[in-house]
Amino acid sequence: MTVTRFAPSPTGNLHLGHAYSALYSERVAREEGGKFLLRIEDIDGTRCRSEYIQNIYDDIEWLGVVWDDEVIVQSNRLKFYVTKAEILEQRGLLYPCFCTRKELANINGKELNREKRLYPKTCLRLTNEQVAEKKSQGVPFSLRLNSNKAKEETGKIFWNDQTTGRHEVNYDALGDVVLVRKDIGTSYHMAVTIDDDFQDVTCITRGLDLVESTHVHRILQSLLGLQVPEWSHHKLIKGSDGNKYSKSNQSLTLKELRESGVSGAEIRKELGF
Ligand code: GLU
């Protein structure tokens, strides 16, 4: 049975891009007689707010989107993400990174394509003694994937997108991503991968802006022996200014639309549902 999900992070109010994503995910499930799940991705306690969670429920209901089963709230599941990261760490697949935000910004420079520049593995070159010393001094650290080691374990791996086709995981383009953040003890990549497996999601529906992350998730599935679903990354809808909707560019929110008297049905129609 097809199982899809909509997994917003309550770090702000939802906008039209989220409405599209929720409607898209629901449609994929319904067309195939499957299930559509809602998951609240609130691992980042510093940025998530309970009022945004309430607004997610209100927005979704207003849109007429109906989810199945119980809603999973990630902040209740942190211990599962920690346990899986420990397994990877014990297998030598993660290493501590003590670089500060400032140091990383210097490494990455200020160029436009800075997100394409990879971590130069500075902390991978630390000796065991240096690591032990930093830890004993209480220097905060994140844990990064040792991508060379991971590649040795997984070999060539692939993932399938119903919209963009078959992809091979390109380790060289990814670098050593952070899987355990300093501040919250886990990461989006860990939480999302573990929960998609836990909830038996068969088709991961989300926007094309997250397509790069899928390579990381596919690696984690392979390393942790999790189920490998299909993906369906959908187009990103744009506002009248030609920019994609985002929380940061102050897009009109669903809450504002709702409160101004627009109906959920009108929005569905406008978005093509
Ligand atoms: N929580 C993520 C976000 O709001 C989406 C996660 C996903 O769909 O994989 O951007």
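The values are calculated or read from the model by the stated rules, or taken from the named source; none is laboratory data. Nothing here was measured: the structure is a model prediction, and the numbers come from that model. Don't worry about glycine lacking a Cβ; one is built from the backbone with ideal geometry, like all the others, and counts go over all protein chains shown. Keep in mind that these areas ignore ligands, DNA and RNA; they rest on the heavy atoms of the full protein, side chains included. Shrake-Rupley method; radii C 1.70, N 1.55, O 1.52, S 1.80 Å.
May I ask you to verify whether Phe141 is surrounded by 12 or more Cβ atoms within 10 Å (Cβ to Cβ), modelled with pLDDT of 95 or more, touching a strand residue (DSSP E or B) at 6+ places or on another chain (Cβ under 8 Å) and of a type in the set (A, V, I, L, M, F, W, C)? Explain how you work it out, then say what you get.
Values: surrounded by 12 or more Cβ atoms within 10 Å (Cβ to Cβ): yes; modelled with pLDDT of 95 or more: yes; touching a strand residue (DSSP E or B) at 6+ places or on another chain (Cβ under 8 Å): yes; of a type in the set (A, V, I, L, M, F, W, C): yes.
When the stated conditions are applied, Phe141 passes them.
Please enumerate the residues belonging to the stretch 175-185 that are open to solvent by less than 30 Å² (accessible area, probe 1.4 Å) and either of a type in the set (Phe, Trp, Tyr) or outside any loop (DSSP other than H, G, I, E, B) (or both).
Answer for the stretch 175-185, where residues must be open to solvent by less than 30 Å² (accessible area, probe 1.4 Å) and either of a type in the set (Phe, Trp, Tyr) or outside any loop (DSSP other than H, G, I, E, B) (or both): Leu179, Val180.
Out of all the residues in the stretch 216-273, which are basic (Lys, Arg) and either open to solvent by 40 Å² or more (accessible area, probe 1.4 Å) or on the phi > 0 side of the Ramachandran plot (or both)? Outline the logic, then answer.
As a first pass, look at the stretch 216-273 and keep what is basic (Lys, Arg): 218, 235, 238, 244, 247, 255, 258, 268-269.
If the condition is that a residue be basic (Lys, Arg) and either open to solvent by 40 Å² or more (accessible area, probe 1.4 Å) or on the phi > 0 side of the Ramachandran plot (or both), then Lys235, Lys238, Lys244, Lys247, Lys255, Arg258, Arg268, Lys269 are the ones that fit.
Residues that are away from the ligand (no atom under 13 Å from the Cβ), in a loop (DSSP other than H, G, I, E, B) and closer than 29 Å to Glu153 by Cβ: does the stretch 227-247 have at least one? Full working, then the answer.
So in the stretch 227-247, the residues away from the ligand (no atom under 13 Å from the Cβ) come out as 227-228, 230, 235, 237-243.
After this cut, where a residue has to be in a loop (DSSP other than H, G, I, E, B) as well, the list is 227-228, 235, 237, 239-243.
From what's left, closer than 29 Å to Glu153 by Cβ: 227-228.
For the stretch 227-247, residues away from the ligand (no atom under 13 Å from the Cβ), in a loop (DSSP other than H, G, I, E, B) and closer than 29 Å to Glu153 by Cβ: present.
Go through the stretch 65-104 and count every residue that is more than 24 Å from Asp200 (Cα to Cα) and small (Gly, Ala, Ser). Quick ask: steps written out before the conclusion?
Going through the stretch 65-104, the residues more than 24 Å from Asp200 (Cα to Cα) turn out to be 89-104.
From what is left, the residues that are small (Gly, Ala, Ser) are 92.
Residues meeting the conditions: 1.
Specify the residue that is least open to solvent (accessible area, probe 1.4 Å); the eligible residues are those in the stretch 11-24 that are farther than 19 Å from Ser240 by Cβ and within 9 Å of the ligand (Cβ to nearest atom).
Ser21
A quick yes/no check of all residues on (1) closer than 30 Å to Asn76 by Cα; (2) touching a residue at least 24 places away in the same chain (Cβ under 8 Å); (3) touching a Lys or Arg at 6+ places or on another chain (Cβ under 6 Å):
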| residue | (1), (2), (3) |
| --- | --- |
| Tyr119 | no, yes, no |
| Arg125 | no, no, no |
| Gln130 | no, no, no |
| Lys135 | yes, yes, no |
| Ile184 | yes, yes, no |
| Ala191 | yes, yes, no |
| Asp197 | yes, yes, no |
| Thr202 | yes, yes, no |
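Go through the stretch 47-138 and tell me which helices (runs of 4 or more DSSP H), entirely inside it, have 1 or more residues that are within 24 Å of Thr11 (Cα to Cα) and open to solvent by less than 60 Å² (accessible area, probe 1.4 Å). Outline the logic, then answer.
Numbers: elements: 50-63, 78-90, 101-108, 128-136.
Hits in the stretch 47-138: 50-63, 78-90, 101-108.
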